[in-house]
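Have a look at the structure below before the remarks.
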Ligand code: DOR
Ligand code: ZN
């Protein structure tokens, strides 16, 4: 490939934006250079007027293999990632069969190898009795469902939780909604089957109770805990009491609320559910004030046919990978987030929390995972442009300004101008 120079762009880091060229070779960033010193290169790519960021790292996706490749497969899911400016995804274990042993992990690894446009890490799941498998595995982290969600991997009983929190040698990522609270609300609303009942059954209270419980246990037992997809003001208030525990927010909880059931119906059904406008405000504030550590999509594709079913038969989850970059870059244009905040929340912090070496920064020696953004490009989100196999987005019709125009994975240009142009350059992060 030789030396490639990304010439004349502006580089984003958590410290701000600065003018520089970026030189890459053999999958790594050689260095950045002032505009007035141009290093020699075999290929020069003009980036004048463009923003150059470290590739986004999405610590929470469901790419559906093994077992559910009718919803998404590794090629389509990782295409959606690079189209959305994402160069690394961490994939959840609620597959069919679930990934709960080293053998399951190895089988998934074999299945996925050589098929990914983006880099990836693989989670292992907790099933209440597989602590040895978890600790002996080289999974990127362990996922613990505090209640049933899509995939029915919920673990009940405090003894099992204490075992995991007391003995896991891995970061624990928890889906925190309280199973008893959900059960109680299900009875109360058993006669209601309108899509919006989902937000009442899996109420804010259910999330707050669970977050509080798991944070307290984690603190007592010294577990490393990361709370997935916080969605309410109440959870942030609890998390403020636990400085060592990290958390993430997903785009749908920042962008959509209960009012949107009217237009989206069960397509908006997701766990945890969308909340109120007040919660959206609190989450944006949480991003600005550093109460939320990272943004992660929880990309959870289901087919249109599945989403058109009645409330009780619709699976929960929304696709998010194609649209992550545009949503973030649009928010920079709208002055919701700064470039520096995006890099911190979506590149540097995820790399730090999940121990992803060589990722998350445009600096000498780091991996050449890079997204080039046209901050002036304005486009609608349309079905025809999506790469996710499920073929729909909760944001269809939305006009966003700021789109990825090139995505490099390990120094290879894999996405350009709306198309996949490169090979399956993704590697597992180990
Ligand atoms: O809405 C959700 N969908 N929440 C989850 O916890 C799982 C996910 C899925 O796998 O579809
Ligand atoms: Zn998830």
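Each stretch of four or more DSSP H residues adds -39500 (n - 2.57); spread over every residue of the chain, this sum gives -7500 deg cm²/dmol at 222 nm. Taking N as the residue count of region 206-290, its C-alpha radius of gyration divided by 2.2 N^0.38 Å amounts to 1.14. Between the Cα long axis of helix 102-112 and the first principal axis of the chain there is an angle of about 40°, rounded to the nearest 10. Working note: Debye formula, equal point scatterers on the alpha-carbon atoms of region 54-183, no solvent; log10 I(q)/I(0) at q = 0.10, 0.12, 0.21 Å⁻¹ is -0.32, -0.45, -1.22.
Going from the residue with the fewest nearby Cβ atoms within 10 Å to the one with the most, 117, 123, 395 rank 395, 123, 117. Computed on the chain, with alpha-carbon pairs under 8 angstrom and 6+ residues apart, the relative contact order is 22 percent. The label point for residue 428 and the one for residue 180, both projected 7 Å from the Cα toward the Cβ, are 4.0 nm apart.
Site pair residue 36 and residue 111 shows an inter-label distance of 5.7 nm when each label is modelled 7 Å from Cα along Cα→Cβ. Over the Cα atoms of region 227-374, the radius of gyration divided by the Kirkwood radius equals 0.99; this is the Rg/Rh ratio. The antiparallel fraction among DSSP beta bridges confined to the chain stands at about 50%. Histogrammed with a bin width of 10 Å, the alpha carbon distances of region 27-103 distribute as 14, 33, 23, 16, 11, 1 percent, first bin at zero.
Counting other Cβ atoms within 10 Å as a rough exposure proxy, the listed residues 311, 261 run 311, 261 from fewest neighbours to most. On a C-alpha basis, how far is the centre of region 256-294 from the centre of region 177-248 in Å? Whole number, if you could? After rounding, the separation between the Cα centres reads 14 Å.
Only Cα sites of region 106-178 enter the Debye sum here, all with the same form factor; the resulting log10 I(q)/I(0) across q = 0.18, 0.22, 0.23 1/Å is -0.73, -0.99, -1.05, listed in q order. Equivalent ellipsoid of region 76-142: semi-axes from √(5λ) of the C-alpha gyration tensor, largest first, are 24, 11, 10 Å.
Kirkwood analysis of the chain, using all unique Cα-Cα pairs, places the hydrodynamic radius at 21.6 Å.
Note: region 139-277, Cα convex hull, 110 Å³ per residue. Size descriptors for region 157-229: radius of gyration and Dmax over Cα atoms are 14.4, 44 Å. Comparing region 188-255 with the 2.2 N^0.38 Å rule of thumb, its C-alpha radius of gyration ratio is 1.27 (two decimals). Within region 1-69, the proportion of Cα pairs with more than 15 Å between them is 60 percent. Angle check, please: helix 179-188 long axis (alpha carbons) against the longest principal axis of the chain (alpha carbons), in degrees 0 to 90, nearest 10. Helix 179-188 and the main axis of the chain meet at about 60 degrees. Ranking of 366, 145 by neighbouring Cβ atoms within 10 Å, starting from the fewest: 366, 145. If the Kirkwood radius is taken over C-alpha pairs of region 350-430, then at 37 °C and 0.692 mPa s the Stokes-Einstein diffusion coefficient equals 225 µm²/s. Inverting the pair-averaged 1/r between distinct Cα atoms of region 287-427 gives 16.6 Å as its Kirkwood hydrodynamic radius.
Against the main long axis of the alpha-carbon atoms of the chain, helix 324-333 sits at an angle near 70°.
Laboratory data are not the source of any read-out in this text; all were calculated from the coordinates shown. All of these numbers come straight from a predicted model, not from anything done at the bench. Quick reminder, even Gly has a Cβ in these numbers, built from the backbone with ideal geometry, and neighbours come from all protein chains shown.
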